[in-house]
There are 2 protein chains.
Amino acid sequence: MNCIIRPCTVKDCKVILQFIKEIAVHYRVPPIEVKVTLEVLREDGFGAQPQYDCYVAELPPQQTNKEGGIVGYVLSSFTYSAWKGRNLYVDNLYVQPQFRGQQIGKRLIEKAAQAAVAKGCGQLRMHIAKWKTNEMGFLARQGGQDLTAKEGWSLFHLKEDALRRLAARSKF
Amino acid sequence: MNCIIRPCTVKDCKVILQFIKEIAVHYRVPPIEVKVTLEVLREDGFGAQPQYDCYVAELPPQQTNKEGGIVGYVLSSFTYSAWKGRNLYVDNLYVQPQFRGQQIGKRLIEKAAQAAVAKGCGQLRMHIAKWKTNEMGFLARQGGQDLTAKEGWSLFHLKEDALRRLAARSKF
């Protein structure tokens, strides 16, 4: 598949949002958990203070599908490690099911890695659900290591209500 | 302990770096893994493009210790979730051993949460090593959930060499 890998534009946000919702269904996440809207995605990616980077995989014009030729994307942001400095955090790497097995995911993550190295990142991090064995194998083939298995790291989160309760207690 | 919780300044970076090294020893991380230097920490936190937020816990003047009164810190950055929007990612929360059990860690994370909510974050994320049962208990008491235990999420990483190999393959 001769896809083009290119930066996401504000016009692509509609397709990205559709993909995000497809993924949420796949992970059996209740619709209420998907809080981003088209406006949020546009503002957060292409407003005054961009908060994420995104690349899309697009089919050549003669092969376009109903979504306008975009068949996958990678969405990432930067985190900071006190030990390693700036890191790339890949939040989402997605290729539509019917276009898998054609190295599109690999080319998307290569592009994200290229942009990350150019911005001085010393590490790439990503979370993968244990039942996604294909994705785990894919990332291992790209040189990834499972730090949860190897070193016992767990991901904790505070949802919005817990975060707000915590914030409300700070008096300073 | 009547600590002051305040934003870290460029002058505090020296103490923060010392703490970072103390933590690395505690985690048995080889010194080579700690890549940040004083210059990097100053530039990345207080240069033209700040990459992390940091708050410190400081003793009142009459109780200062040899590190100049700073006994703990919290270091965080923002990540972006395609489902939830902007998140706070806490990379490091540290209180010197002799000052623990006095709610200082709690006050530091409350302050980080307050700043995160003010910046529109809908979630807080943090990684904790499984053998740090005290920290896991602490975070659970703040309303945290272990997503690795609950939903099976694993943390993968690509170290710098793997990231650079991946980046070098991207032709676009």
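The values are calculated or read from the model by the stated rules, or taken from the named source; none is laboratory data. Quantities reported herein were computed from a predicted structural model and do not represent experimental measurements. Cβ atoms come from the backbone with ideal geometry, glycine included; neighbour counts cover every protein chain shown. Please note that ligands, DNA and RNA were not included when accessible areas were found on the heavy atoms of the full protein model with its side chains. Shrake-Rupley method; radii C 1.70, N 1.55, O 1.52, S 1.80 Å.
Summary table
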read-out	value
Those residues of the range B:5-22 which are surrounded by 14 or more Cβ atoms within 10 Å (Cβ to Cβ) and closer than 22 Å to B:ALA116 by Cβ, in sequence order	B:ILE5, B:ARG6, B:CYS8, B:ASP12, B:CYS13, B:ILE16, B:PHE19, B:ILE20
Any hit, the range B:70-90, residues being assigned to a helix (DSSP H, G or I), more than 8 Å from chain A (Cβ to nearest Cβ) and open to solvent by less than 10 Å² (accessible area, probe 1.4 Å)	no
Some residue of the range A:159-172 being outside any loop (DSSP other than H, G, I, E, B) and within 19 Å of the chain's Cα centre (by Cα)	no
Conditions (1) closer than 20 Å to B:THR79 by Cβ; (2) free of Cβ contacts under 8 Å to residues at least 60 places away in the same chain: number failed by B:ASP53	(2)
One residue from A:GLY143, A:GLY120, A:GLY101 being open to solvent by 10 Å² or more (accessible area, probe 1.4 Å), assigned to a loop (DSSP other than H, G, I, E, B) and under 18 Å from B:PHE78 (Cα atoms)	A:GLY120
Every pair of residues 6+ apart whose Cβ atoms lie under 7 Å, when the first sits in the range B:138-149 and is more than 7 Å from chain A (Cβ to nearest Cβ) while the second is open to solvent by 10 Å² or more (accessible area, probe 1.4 Å)	B:PHE138/B:GLY105
Unique match (being over 13 Å from the mean Cα position of the chain (by Cα) and farther than 30 Å from B:VAL29 by Cβ) among A:ARG107, A:ARG86	A:ARG107
